[in-house]
Amino acid sequence: MKKILLLFIAVGILFSALLFNFSTENKYDYVRIHIRANSNEEADQNVKMLVKDKIVDYLTPILSDVKSKQECMALIDDNIDKLENLADSVLYANGYAYKSTISLRKEEFPIRKYDDIVLDSGIYDALIVELGSGKGDNWWCIVYPPFCFSVTGDEEEIIYKSRIVEKLKELLNQ
């Protein structure tokens, strides 16, 4: 019983240290994604989410095992044309005349909270997806570290996943 209690305390300390370390990492260790709609019209906002789903579906398997920010950025850069083609195909299929512009660059972000993780405001490397004029409301998340996202079923709920938390759960289930 004592060993089990010590194991739980050790795992708790490790988990807390990892979460603290993850939440206080240098903001330059992140790559974010920012998808901007053409406008705030309902139709433009809806197609933004369709583009987001297509891009997330494409990037998730490609970036799921990246080991460094540099590797992540290189993979994104290698796929910029494909991402732009995917976004444009969604726009075209939904009857939009405007196209997308996609780039990997530094951009200023305000403070943002993702569940228990808070990213300070500042300049981050980011995958920027502008649909048409890019003047509408936007959607954003973290691409690296792989704390990304998946949409469940027909719901609008986004589930954030952390490889650190998943590894700790695996250790506890052994």
Kindly give the semi-axes, whole Å and largest first, of the ellipsoid equivalent to segment 55-115, taking each as the square root of 5 times a Cα gyration tensor eigenvalue. 23, 16, 12
Volume per residue that the Cα convex hull of segment 37-147 spans, once the total is divided by residue count, Å³: 104
Amide H neighbours of residue 132 under 5 Å, at least 5 residues apart or on other chains, H built in the peptide plane: list them. 99, 100, 101
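Each reported figure results from applying straightforward, stated rules to the coordinates on display, with no laboratory input. Note that the coordinates shown come from a computational prediction; the quantities given were computed from them, not determined experimentally.
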